[in-house]
Amino acid sequence: MIEVTNITKTYGTGDMAFQALKGVSFDIKDGEFVAIMGPSGSGKSTMMHILGCLDTPTSGTYKLDGKDVSKMDDEQLAEIRKDKIGFVFQSFNLLPRTTVLRNVMLPLIYAGVSEEEREKRAKASLLSAGMVETHFMHKSNELSGGQIQRVAIARALVNNPSLILADEPTGNLDTKTGEIVLGTFQKLNKEFGSTIILITHEPDVAEHAQRIILLRDGVIVSDKKNHQQKVAHIHKDAQTS
């Protein structure tokens, strides 16, 4: 699904130039759950922006589903984001006084999908993300942190993207609630075959993925299968949290 070949990214010019990525290469197969991990300044956020078609590399190639997106213009990148990538952010980015169902339907409104189909697909995405129907008409500012993040996951799923890109998705959550969210990603990967890239600086979070790519100072220092993948431990009383 993803082919990244000798990607570099330089900000600024001359004496002020800073190379955030220094020739990064890796492949990610369809259906993999991969964590890209690194400390602040490692280049992981820059890598996330390139993988999410929010930015382009200075040099090198990035192919998504066989298409070289590294040389595309802003309009083409916007189309790729709309059609192929579902984003889950640390800050949730939901409309606070809008219902759960409508928050998830919004991307389909922009895509011109009919109202009946929008509602059908939004409900299916919410159920896949672990939300219960009794919460569909709640406003997002009436939900817990874990519920809000699962709504954000449902919104990311609603366009049936090739790739789910999660940027520090547990960063604003307590440990128990974070486990619920990580368990949701594991369920989507295992039961639905979703391809997921998780960006994190926390080793404990990265260990929930099948594979961990470690970045430091703009280069990959480790890329290995996680043979002891941590399974999210969720208490029964936390399922609706």
For region 128-153, how many residues meet the condition of being of a type in the set (A, V, I, L, M) and over 19 Å from A166 (Cα atoms)? 3
Which of (1) more than 24 Å from V158 (Cβ to Cβ); (2) of a type in the set (K, R); (3) without any contact (Cβ under 8 Å) to a residue 40 or more places away in the chain does K22 not meet, given it meets every other one? (3)
Extreme residue, nearest to A156 (Cα to Cα), among residues of region 61-76 that are in contact (Cβ under 8 Å) with a residue 12 or more places away in the chain and surrounded by fewer than 18 Cβ atoms within 10 Å (Cβ to Cβ): D65
Output for region 62-91, where each listed residue is part of a helix (DSSP H, G or I) and within 14 Å of the chain's Cα centre (by Cα): R81, K82, K84
Would you confirm whether or not region 101-118 contains a residue that is in a strand (DSSP E or B) and surrounded by 16 or more Cβ atoms within 10 Å (Cβ to Cβ)? no
Only listed residue being among the basic types (K, R), touching a Gly at 6+ places or on another chain (Cβ under 8 Å) and free of Cβ contacts under 8 Å to residues at least 60 places away in the same chain, chosen from R118, R102, R81: R81
For the structure I just gave you, tell me whether I220 is within 15 Å of the chain's Cα centre (by Cα) and at pLDDT 90 or above. no
Residues of region 85-137 being touching a Pro at 6+ places or on another chain (Cβ under 8 Å) and farther than 11 Å from V158 by Cα, which ones? V88, F89, Q90
What single numbered condition from (1) over 25 Å from L126 (Cβ atoms); (2) in contact with a Lys or Arg (Cβ under 7 Å, 6 or more places away or on another chain); (3) buried (at least 18 other Cβ atoms within 10 Å of the Cβ); (4) of a type outside the set (S, T, Y) fails to hold for M47? (2)
Which count do you get for residues in region 121-161 that are of a type in the set (S, T, N, Q), at pLDDT 90 or above and surrounded by fewer than 18 Cβ atoms within 10 Å (Cβ to Cβ)? 1
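The values are calculated or read from the model by the stated rules, or taken from the named source; none is laboratory data. Everything numeric in this text was worked out from a predicted model, so none of it was measured. All Cβ positions, even for glycine, are placed from backbone atoms using ideal geometry, and neighbour counts span all protein chains on display.
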